Amino acid sequence: MQYRKIVLKEQITYSNNILDRLLSLRGLNSEKEIKKFLNPSKEDFVSPYAFSDMEKAAKRINSALENNEKILIWGDFDCDGVTSTSILYKAFKKLNADIITYIPDRLTECHGLNSKKLIQLYAKEKFKLVITVDCGISNIAEVSLLNGFKVDTIITDHHTTDRELPASYAIINPQVKNAIKEETSVEDITSMSYNCGAVVAYKLAIALLEKTDDEQLKNELLILASCGAIGDVVPILGENRAMVSTMLNLLNTKKEQSHKAIYKLISKNIKDRNVTSTDIAFTLVPRINAVGRLANAELSFEFLTTDTDSKIDIIIEKLDNYNAIRQSNCSDTYDEIVDYLNIHKEELKNPAIILMNKDWHVGIIGIVASKITEEFNKPCFLMTEDETHHARCSIRSNDTMNVYEILAQNENLFSGFGGHKLAGGCSFDLNEKSFEEVKSSLLSSIKESIEENEENDLLKADIELNEDDLNINLIETFDILEPYGEGNKAPLCAMFDVDLVDSKTIGKDGNHLRLVFSKNNKIINAVKWQESEIIIPKGSKCDIAFYPRINTFNGTTEIQAEIVDVYSPIAQKQTTKEEYKLFDQIGRA
């Protein structure tokens, strides 16, 4: 726990109705806005043909199908990339296309097209059309290479670029200039700006399949696109919200008939309740990502594109194993970094945490960076070193800075970079640029782009509750706001001036805390995951930030507070542990 001071995002006092207060916090005040938000439907989907190049792309693909030209789908190794690849693979199989797919290896390759691999594949397969998914918008040289082979390229992507665009046959990317037709409404343009790579790929697939009546396939593609949106942490607003809502309805009504593999994996991890967007985010997405982080993402691709029961069961077991390894690696690296920061507190005075260790696994530093950002409320850049003596960096932001803009300002330092507002990555040659040089330049840019103030050390909750609000009705009210995700996160609640009654460790390894608070003689049971101690003495007055959850144990159902942080003036006076594992920023002993 950070023991941050807890405040409310906004002081809303004009309504005693909790739902009204939460809707107002989301900027929803008119009856029309509220009705649309609370009732997402397929009517909110934007036509694929809102993209300027969609008709052109569909025509070129149909020509390739008619002439039996071989098509290469070039994907990516994260959840968004794998779901994108799976969407087009399943759509093209329905269209009887001559198709091959390629997903780069995170450990040996970077995001996007790779000239060496393209040449190898072309020599073997002689494809005539390349379609990128979740990548390609920065691959100017690689597209030029393909043009030299008289191979057309259709780029489907959602990443930002302020550079020259590749000379491709068509570009379907809501983030680039002139990619959306002028007559498209402002509301639809805003909605499309939230699209991830999988949703963009889905739009292309739907345009190609519009004359088919295979609703089962179209539902499977929608489910894949929605999982990609959740996995890529894009705003679950507009048509993304409508798609995720539709997906959840399919999973919870058609169940295994909706998407056999995904439903089997999710249902293995939940019991006797409906699937939520949170289940997708915390069960499916980590397993899909784990394979691409530790090995080759082909296993995840196979999982999403097969419907053979025996094969699905075998792959689920493998995904579980990869995820367990990933969790262990992440936990060790996270603990190492927290220990380091607790000693080297000067690092926390910077506007961002920027660290490097050559022994960190390139596949997990993005996850750890996200956890560090959440824990310390600062953007985090974590770097490791590959076999070619290049630094590989994963970045996560807390919305105080735009990751892509910071990288673009420093592009002269990098051999490659990309990303969007909240996340990104880059690489640079350590023979040419030192870690300290890159760190200094990044910090300088970040300092210029954000105003440091005391608010960066505050934890801002959405809504204040009193002890009588903690009941089943509260959970039912929060459920109305589903599906949750980026842009519509589960409400973070706060209670002020509560008493800490008791605390004890729980779990097999004693790595979680069971906490008991009280207010006005009413007991509030709570839990803090991945925490083994609290430095606030029993009997102290506290403020708590938490998510209310339903907890059923031994036949008893109660509301449990899932603690995010606890604040007490006493905590600020306590010292941290004295013994820590020491390491320097470039991995030397």
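The values are calculated or read from the model by the stated rules, or taken from the named source; none is laboratory data. Just so you know, these numbers come straight off a predicted model, no measurement behind them. With ideal geometry, Cβ positions are generated from the backbone for all residues, glycine too; neighbour counts draw on all protein chains shown. All accessible areas refer to the heavy atoms of the entire protein, side chains included, with ligands and DNA or RNA removed. Shrake-Rupley method; radii C 1.70, N 1.55, O 1.52, S 1.80 Å.
With P(r) over Cα pairs in 10 Å bins from 0, in percent in mind, check (1) 3, 16, 26, 28, 18, 7, 2, 0; (2) 3, 13, 19, 18, 13, 11, 9, 6, 3, 2, 1, 1, 1, 0, 0; (3) 3, 15, 22, 21, 18, 12, 6, 2, 1, 0 and report the label derived from this structure.
Checking each listed value against the structure points to (1).
Please get the size of the charge dipole for segment 34-112, origin at its Cα centre, with Cβ charges of +1 on Lys and Arg and -1 on Asp and Glu, quoted in debye to the nearest 20. Please report the intermediate quantities before stating the final value.
On the way: 11 positive and 12 negative charges, 75 e Å.
In total the dipole reaches around 360 debye.
Cross-link partners among lysines for LYS345, C-alpha distance below 21 Å, same-chain residues fewer than 8 apart left out?
LYS345 reaches LYS5, LYS371, LYS378, LYS439, LYS447, LYS573, LYS577, LYS581.
To the nearest 20 debye, what is the magnitude of the charge dipole of the chain about its Cα centre, counting +1 on the Cβ of each Lys and Arg and -1 on the Cβ of each Asp and Glu? Working shown, then result.
Numbers: 68 positive and 91 negative charges, 199 e Å.
Its charge dipole is roughly 960 debye.
Could you sort VAL7, VAL46 by accessible area so the largest value comes first, with the probe set to 1.4 Å? Present the calculation step by step, with values, prior to reporting the outcome.
Numbers: VAL7 40, VAL46 10 Å².
So the residues, ranked largest to smallest area, are VAL7, VAL46.
Go ahead and run the numbers for FRET between GLU66 and SER444, Cβ-Cβ distance against an R0 of 45 Å, rounding to 0.05. List each step's numbers first, then the result.
Details: r = 55 Å, r/R0 = 1.23.
Calculated transfer efficiency: 0.20.
Report the charge-dipole magnitude of segment 440-559 in Debye, nearest 20, computed about the Cα centre from +1 at each Lys and Arg Cβ and -1 at each Asp and Glu Cβ. Write out the running numbers ahead of the final one.
Numbers: 12 positive and 23 negative charges, 131 e Å.
The calculated dipole for segment 440-559 is roughly 620 debye.
Quote the FRET efficiency, to the nearest 0.05, computed for GLN327 versus ILE34 with a Förster distance R0 of 35 Å and r equal to the Cβ-Cβ distance.
Numbers: r = 39 Å, r/R0 = 1.12.
Once the sixth-power term is evaluated, E becomes 0.35.
Can you give me the distance in nm between label points at ASP20 and ASP213, each placed 7 Å from the Cα along the Cα-to-Cβ direction?
Taking the two extended label points, one gets 4.9 nm.
State the answer as a single residue: which of ASN321, ALA242, CYS196 lies farthest towards the positive end of the charge dipole of the chain, with beta carbon charges of +1 for Lys and Arg and -1 for Asp and Glu, about the Cα centre.
ASN321
Run the quick spin-label model on ASN96 and THR308: label points 7 Å from Cα toward the beta carbon, then report their separation in nm to one decimal.
A separation of 2.4 nm, rounded to one decimal place.
How much area per residue is accessible in segment 121-165 when the probe is 1.4 Å and only protein heavy atoms are counted (Å²)? Before the final figure, lay out each step's value.
On the way: 1830 Å² over 45 residues.
It amounts to 41 Å² per residue over segment 121-165.
Between LYS260 and SER518, what length in nm is gained on full extension when 0.36 nm per residue of separation is reduced by their alpha carbon distance? Could the numbers behind the result be given before it?
Values: separation 258, 0.36 × 258 = 92.88 nm, distance 4.54 nm.
Full extension of this stretch gives 88.3 nm more.
Extension gain LYS460-ASN342, at 0.36 nm per residue separation less the Cα-Cα distance, in nm? Before the final figure, lay out the partial values.
On the way: separation 118, 0.36 × 118 = 42.48 nm, distance 2.28 nm.
Once the chain is fully extended between LYS460 and ASN342, it gains 40.2 nm.
Obtain the nm distance between the two label points defined at LYS489 and ILE559 by a simple spin-label model: each point lies 7 Å from its Cα along the Cα-to-C-beta direction.
Label-label distance for LYS489 and ILE559, simple model: 2.1 nm.
Would you work out which of LEU251, ILE523, LEU422 lies farthest towards the positive end of the dipole of the chain, given +1 charges on the beta-carbon of Lys and Arg and -1 on that of Asp and Glu, about the Cα centre?
LEU251
How far, in nm, would the chain grow between LYS349 and ASN410 when pulled straight, counting 0.36 nm per residue and subtracting the alpha carbon separation?
Details: separation 61, 0.36 × 61 = 21.96 nm, distance 2.17 nm.
Gain on stretching LYS349 to ASN410: 19.8 nm.
If each DSSP helix of 4+ residues adds -39,500 (n - 2.57) and the sum is divided by the residues in the chain, what number results at 222 nm, nearest 500 deg cm²/dmol?
On the way: 18 runs with 223 residues, N = 589.
Per the formula, -12000 deg cm²/dmol.
Let me have the relative contact order for segment 479-553, percent, based on Cα pairs under 8 Å that are six or more residues apart. It would help to have the intermediate numbers written out before the result.
On the way: 113 pairs, mean separation 25.9, N = 75.
RCO, segment 479-553: 35 percent.
Lysines within cross-link reach of LYS522: Cα-Cα under 22 Å, excluding same-chain residues under 8 positions apart?
Candidates past the 8-residue exclusion: LYS504, LYS538, LYS541.
How much of the accessible area of the chain, in percent, comes from carbon and sulfur atoms when a 1.4 Å probe is used?
Working: 12110 of 26640 Å².
C and S fraction of accessible area: 45 percent.
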